[in-house]
Amino acid sequence: MEKKRKSAILGLGASLTVFTVGACGGIGTNQNAGAGSAALGKAIDGLTVAQKAEFDHGKEVFSDEEGVANGIGPVFNSTSCVSCHSEGGVGGSSPNITFSRVTRIGSFENGSYSDMVDKGGPVLQARSIKDFDPTVPFGGEIVPPEAQFVSHRMTTPLFGAGLIEAIPDETILARTSLSLPDGIHGTANRSTNLLTGKQEIGRFGWKAQVSNLSVFAADAYLNEMGITTPLFPNENLPQGHSMPAGIDNVGDPEDAEDVELFAQFMRFLAPPAPKVTLFAADGEALFKTIGCANCHVPTMKTGPNAVAALSNKDVNLYSDLLVHHMGPGLDDGVEQGDAKGDMWRTAPLWGLSRRVFYLHDGRATSLGQAIAHHDGEARIVRERFEKLNPSQKENLYTFLSSL
């Protein structure tokens with residue numbers, strides 16, 4: 001296939017190994033990540049000229065529209081990465097709950113959980129290349145009647161994603177052995193790094209089911225745009241059925257270059273900087289006192305990294321990157337890795353003030369609504385929040401809105 005663009009970046013193939021082997025990779029600004037660029041969608045501080053060029057090129061292709069000539073489809077959800085990652089800036093969360101919320105399905109078959117690949121799962125694609133060619137005999141996928149679980153997912157923001165990638169596995173695992181109050185006990189989800197074949201600690205996705213950004217980018221490229229890569233070389237087929245001849249004739253894998261540029265863009269994307277807000281300090285004290293910080297850990301730290309801008313940086317993400325049982329109200333039935341239906345990654349809170357919707361399916365449109373849905377391991381903390389007086393709650397909201 002003749003690509004519409006060619007990389008001007010030298011040595012990009014080697015970066016697959018440099019940034020993804022083990023638990024490294026990341027995005028940091030200065031020693032304190034929160035002291036970085038205030039504007040969202042910018043590169044982190046401290047990059048070399050070549051690294052900044054990779055970021056700029058990656059941001060460009062992240063925003064490009066894909067078409068049939070690039071291998072899009074046969075089924076897909078969107079034609080560009082930025083269409084689902086734009087709230088607050090390029091790389092943000094879902095800008096529109098109806099447009100960029102995807103559907104995930106699952107079921108139990110013979111006593112084991114199934115992603116229902118033969119029925120179009122685990123991610124359904126709402127569009128097809130019929131959008132480009134009216135003669136195509138199939139449209140977007142629908143939920144099959146055999147699906148026992150149907151889960152709607154919002155797009156997660158990517159700001160500071162590389163910092164998260166750069167936190168060592170052992171740092172995340174150390175929190176699983178802590179004796180925390182209120183019945184809180186996080187679990188590390190694990191996934192196989194498709195580049196190395198090794199098991200790593202997951203940290204990306206709503207259930208922390210992906211460990212590194214190269215796999216994260218390739219997975220999204222396939223499931224959201226239907227474009228195959230060396231990591232995911234097989235097409236998604238409409239409802240799992242065979243594809244008629246003459247449709248989507250671009251050879252697989254359809255892309256090997258752009259997907260790593262996506263990953264480099266995410267690695268070098270600056271984290272959100274907190275806002276200076278009156279009474280935020282009072283709210284932060286309450287945040288810790290009632291127990292929110294036991295899961296929403298204010299700061300973790302990256303390890304040594306081949307990229308100086310990412311090495312040994314504070315990561316002010318407000319998450320432990322573990323999955324927790326969150327109660328029946330948030331149980332979607334979907335299993336990913338070691339995470340069961342009611343288990344969710346502690347959502348990083350940095351950049352919270354730039355979001356429009358909260359929770360995995362966007363059901364909450366205010367901080368109060370989002371807190372009210374916390375249950376399971378978070379029940380006691382939620383009950384403490386409910387006992388706060390109106391002034392205290394307002395101070396807590398002020399703090400969260402400063403992130």
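The values are calculated or read from the model by the stated rules, or taken from the named source; none is laboratory data. Note that this is a predicted model, so its numbers are computed, not measured. Cβ: placed from backbone, ideal geometry, glycine included. Neighbour counts: every protein chain shown. The protein model used for the area step is the full one, side chains on, heavy atoms only, and it has no ligands, DNA or RNA in it. Shrake-Rupley method; radii C 1.70, N 1.55, O 1.52, S 1.80 Å.
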Discussion item. Given the options 55, 62, 19, name the one that is modelled with pLDDT under 90, under 22 Å from residue 204 (Cβ atoms) and in a helix (DSSP H, G or I).
Written reply: 19
Discussion item. List the residue pairs whose Cβ atoms are under 9 Å apart, where the first residue sits in the stretch 317-345 and is farther than 21 Å from residue 148 by Cβ and assigned to a strand (DSSP E or B), the second is open to solvent by 20 Å² or more (accessible area, probe 1.4 Å) and of a type in the set (Phe, Trp, Tyr), and the two are 6 or more positions apart or on different chains.
Written reply: 345/206
Item to complete: Spot the failing condition for residue 233; the list is (1) closer than 30 Å to residue 127 by Cβ; (2) in contact with a Leu (Cβ under 8 Å, 6 or more places away or on another chain); (3) part of a loop (DSSP other than H, G, I, E, B), and only one is missed.
Response: (2)
Worksheet, complete the sentence: Within the stretch 91-127, residues crowded, with 19+ Cβ neighbours inside 10 Å and within 16 Å of the chain's Cα centre (by Cα) come out as 91, 92, 93, 94, 100, 101, 102, 103, 104, 123
Discussion item. Given the condition of a type in the set (S, T, N, Q) and either touching a Gly at 6+ places or on another chain (Cβ under 9 Å) or over 29 Å from residue 344 (Cβ atoms) (or both), answer yes or no: does some residue in the stretch 216-227 qualify?
Written reply: no
Worksheet, complete the sentence: Among (1) part of a loop (DSSP other than H, G, I, E, B); (2) closer than 28 Å to residue 103 by Cβ, residue 275 falls short only on (2)
Worksheet item: Given (1) closer than 30 Å to residue 320 by Cα; (2) open to solvent by 10 Å² or more (accessible area, probe 1.4 Å); (3) of a type in the set (Val, Ile, Thr), where does residue 143 come up short, assuming only one miss?
Response: (1)
Worksheet item: Residues of the stretch 146-174 being closer than 30 Å to residue 118 by Cα and hydroxyl-bearing (Ser, Thr, Tyr), which ones?
Response: 151, 155, 156
Practice prompt. Considering each of 287, 265 in turn, give the residue that is in contact (Cβ under 8 Å) with a residue 60 or more places away in the chain, over 17 Å from the mean Cα position of the chain (by Cα) and not in a loop (DSSP other than H, G, I, E, B).
Written response: 287
